[in-house]
């Protein structure tokens, strides 16, 4: 998933120590046998509406404040866990409007990747055709 996200033209950056491009890759390689199932990424354009729309399109990843466990979970920190922090402090900490955190659960990895692909395809379609997301206000309410 991390490699696919890193190659995706809609993604600005992926934070995952298992990627050779990650600043801590060599350290993680020495210290860990596996690099785990939690990662984060930023969307190009850094629009929270795009991040919310992407999350809304996912079928297997479930929205959650806390990551980990057996289910695949996803979180938008700027609208959830770090919402109460002033935006300039969030940005300084790297928590931008489009930062998305996810954890892969026990579902089949190929199914999770397919879910991400279809969601990004829909996001790309939305961006190309300037389609406004539906029920984003409902999703935002769920985040509160």
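None of the figures in this text is laboratory data; all of them are computed from the coordinates on show. Everything numeric in this text was worked out from a predicted model, so none of it was measured. Cβ: placed from backbone, ideal geometry, glycine included. Neighbour counts: every protein chain shown.
Numbers for the structure displayed
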| read-out | value |
| --- | --- |
| Point-to-point label distance, residue 38-residue 62, nm (Cα→Cβ direction, 7 Å offset) | 1.8 nm |
| Two-site label geometry, residue 110 and residue 10: point separation in nm, points 7 Å out along Cα→Cβ | 2.3 nm |
| Protection proxy ranking, peptides 87-96, 69-78, 118-127, 42-51, average beta carbon neighbours within 10 Å, highest first | 69-78, 42-51, 118-127, 87-96 |
| Length released on extending from residue 92 to residue 21, taking residue separation times 0.36 nm less the Cα-Cα span | 23.4 nm |
